[in-house]
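J.: For reference, the structure I am asking about is given below.
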Amino acid sequence: MKRFLAGGTAALLLAGAAVFNVALPAAATGPGDQVCSGLDSGKIDTTGDPQSVVLKAPEGQVIVRYCVKAGSAQQGDGPVYVTVDAPANQLTITHPSGKAISHYSFEYAPKPVEPVVIVPTVPTPVDECGTANDKINVPDSTDKYFYSAPVYADRKGSVTVTAKDGYVFEGGKTQLNYDFTFTNVPCEVPPTVVTPTVPTKVDECGTANDKIVVPADTDKYTYGAPVIKDGKGSVTVTAKDGYVFEGGKTTLTFEFTFTNVPCEVPPTVVKPTVPTKVDECGTANDKIVVPADTDKYTYGTPVIKDGEGSVTVTAKDGYVFEGGKTTLTYDFTFTNEACEVPPTVIAQHPLAPVFLDKCGTADDEVILPEDTDEFYYQADLEDGMAVVTVIARDGYVFGDEAVTSWAHTFTDEPCTVQTVVTPPAPQVTVTPQAAPAPQVKAVDRSVEREVLAYTGADDAATTRDAAIGGSLLLLGVLALGFARLRRQHR
């Protein structure tokens, strides 16, 4: 739907959901103008506060303008007049305000009649020798169109045909002009002497392919069908009216004699299958896969030496390769790239890291096992989440059953503070010192500790219990040299 500015405009929908634009209103509301004028339909009041109304013009009429009223003129909802861009017999209208319609009226006019497109009969020129008998044969006029009298001047003639009311010619034209030009050829002209093109004999070996190539007919003469029998052939050409051949003849016969030399059968051109090179790493397994011999050609033994290989195929009697060759040699070049050594599968399953999730966040920790010559650990800490990944070094891979990644989300439950009452002590002045920064310590490779892999469970209570038990156990492990990555999340 296309929207229009207020002040006497409206959106207009054709019944059946076809959309039409509407023009700016032909009239707008004014002071004291609170109702629609009757137009052709008379003022029609609605019932039930409809949002839209279907307008229907009498048969053979189309709606060209309407008025719609909703609400009061003071609220800008007074009568609105709309001129229809595409008049139709039936329209669906609404008020620009979107409010319910109180009453309406509309104006209609006879439905325009489209002219019928017709094709007139074309006048025919009569152009005889000289000019005395030149004329234009004009067809009879009809109930749809009529012709003018022919006009002649300087060997030219013209006729105009005009369409009657309710009819047009192609392109919407109401008139068409037919112009003709007449010749002034003297009457009783003697025939013109012409020389026809000579047919061509094709005399190949044997007789099966013997033939006569006949030129195309012209506007001066025509050729008959060629006849070939017992080594003889002929074609007759006939002059058309107004033409003769040399000597005043109207026909000429061309005769040919054909030989019968035996044909030599040329060898058949064949295309052999190309051998396939197998170029693997190193040179030990390099080879050329040779296709099977056929009844048309055979392959020689492949030769491979110093990174170069070749094989020759030879055509059998009665066959040749493209270009008339009887042998073809296929050359190949082999590489000597070193074979790749498959990586070693790591037999040892990586130890799992330990996540110490204490109360609060200040003492949360991740303890990484020792790196080895085969793999190393990498920890990423961000927004309370710790992800530890074990990465295989070059030349190594983990087995399918190996666990190589662990993740843990730290809690931030506050610590429970216990109050201990002690006798007053002498006052001592203490200077505060900053807390030490997290450290990564060297790892004693002589100690290994197997920790279960992180299972991904989300039970917070289970995680806290495991972390508390792990903390007590790891106090001893830490003394033996596990690397500790300390992270405080905020």
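The values are calculated or read from the model by the stated rules, or taken from the named source; none is laboratory data. A quick note: this is a predicted structure, and the numbers were derived from the prediction, not measured. With ideal geometry, Cβ positions are generated from the backbone for all residues, glycine too; neighbour counts draw on all protein chains shown.
J.: Which residue is nearest to CYS36 (Cα to Cα), if the candidates are limited to the stretch 95-150 and must be loosely packed, with under 14 Cβ neighbours inside 10 Å and in contact with an Asp or Glu (Cβ under 8 Å, 6 or more places away or on another chain)?
T.: VAL117
J.: Please state which one of ILE44, ILE118 is under 30 Å from THR181 (Cα atoms) and either touching a His at 6+ places or on another chain (Cβ under 6 Å) or not charged (D, E, K, R) (or both).
T.: It is ILE118.
J.: Still on this model: Residue pairs, Cβ under 6 Å, 6 or more apart or interchain, first in the stretch 182-210 and within 19 Å of THR251 (Cα to Cα) and at pLDDT 90 or above, second surrounded by 15 or more Cβ atoms within 10 Å (Cβ to Cβ) and basic (Lys, Arg). List them.
T.: Short answer, once both residue conditions are applied: VAL194/LYS220.
Residues checked against (1) under 30 Å from THR416 (Cα atoms); (2) touching a residue at least 40 places away in the same chain (Cβ under 8 Å):
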site: VAL303; (1), (2): no, no
site: GLY309; (1), (2): no, no
site: ALA315; (1), (2): no, yes
site: LEU328; (1), (2): no, yes
site: ASP331; (1), (2): no, no
site: PHE334; (1), (2): no, yes
site: LEU351; (1), (2): no, yes
site: CYS359; (1), (2): yes, yes
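J.: Can you run down the residue pairs with Cβ atoms below 6 Å, 6 or more apart or on separate chains, where the first is in the stretch 397-426 and closer than 20 Å to ASP380 by Cβ and among the aromatic types (Phe, Trp, Tyr) and the partner is part of a strand (DSSP E or B) and at pLDDT 80 or above?
T.: Every condition considered, the pairs that remain are PHE398/ILE346; PHE398/ALA392; TRP406/VAL388.
J.: Another one. At least 2 residues that are out of contact with any Asp or Glu (no Cβ under 8 Å at 6 or more places or on another chain) and among the hydrophobic types (A, V, I, L, M, F, W, C) in each: list the strands (runs of 3 or more DSSP E) lying fully within the stretch 255-344 that qualify.
T.: Those strands (runs of 3 or more DSSP E) span 287-289, 308-315.
Okay, residues lined up against (1) assigned by TED's automatic domain parsing to the domain that holds GLU401; (2) under 30 Å from THR411 (Cβ atoms):
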| site | (1), (2) |
| --- | --- |
| ASN285 | no, no |
| VAL290 | no, no |
| THR294 | no, no |
| TYR299 | no, no |
| GLY307 | no, no |
| GLY318 | no, no |
| THR326 | no, no |
| CYS359 | yes, yes |
| THR372 | yes, no |
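J.: So, GLU170, is that one out of contact with any Gly (no Cβ under 8 Å at 6 or more places or on another chain), outside the structural domain of TYR243 (by TED's automatic domain parsing), in contact (Cβ under 8 Å) with a residue 12 or more places away in the chain and closer than 30 Å to ALA88 by Cα or not?
T.: Taking the combined requirement at face value, the residue satisfies it.
J.: Which condition number does GLU382 fail, the rest of (1) under 47 Å from the mean Cα position of the chain (by Cα); (2) in contact (Cβ under 8 Å) with a residue 24 or more places away in the chain being met?
T.: All conditions are met except number (2).
J.: Would you say LYS220 is at pLDDT 95 or above, outside the structural domain of THR121 (by TED's automatic domain parsing), on the phi < 0 side of the Ramachandran plot and among the charged types (D, E, K, R)?
T.: Spelling it out, LYS220 is indeed at pLDDT 95 or above, outside the structural domain of THR121 (by TED's automatic domain parsing), on the phi < 0 side of the Ramachandran plot and among the charged types (D, E, K, R).
J.: Just give me the residues in the stretch 149-169 being more than 54 Å from the chain's Cα centre (by Cα), on the phi < 0 side of the Ramachandran plot and of a type in the set (Lys, Arg), in sequence order.
T.: If the condition is that a residue be more than 54 Å from the chain's Cα centre (by Cα), on the phi < 0 side of the Ramachandran plot and of a type in the set (Lys, Arg), then LYS156 is the only one that fits.
J.: Name, by its number, the condition in (1) closer than 27 Å to PRO369 by Cα; (2) modelled with pLDDT of 80 or more; (3) surrounded by fewer than 15 Cβ atoms within 10 Å (Cβ to Cβ); (4) out of contact with any strand residue (DSSP E or B) (no Cβ under 9 Å at 6 or more places or on another chain) that does not hold for THR411.
T.: Against the list (1) closer than 27 Å to PRO369 by Cα; (2) modelled with pLDDT of 80 or more; (3) surrounded by fewer than 15 Cβ atoms within 10 Å (Cβ to Cβ); (4) out of contact with any strand residue (DSSP E or B) (no Cβ under 9 Å at 6 or more places or on another chain), THR411 comes up short only on (3).
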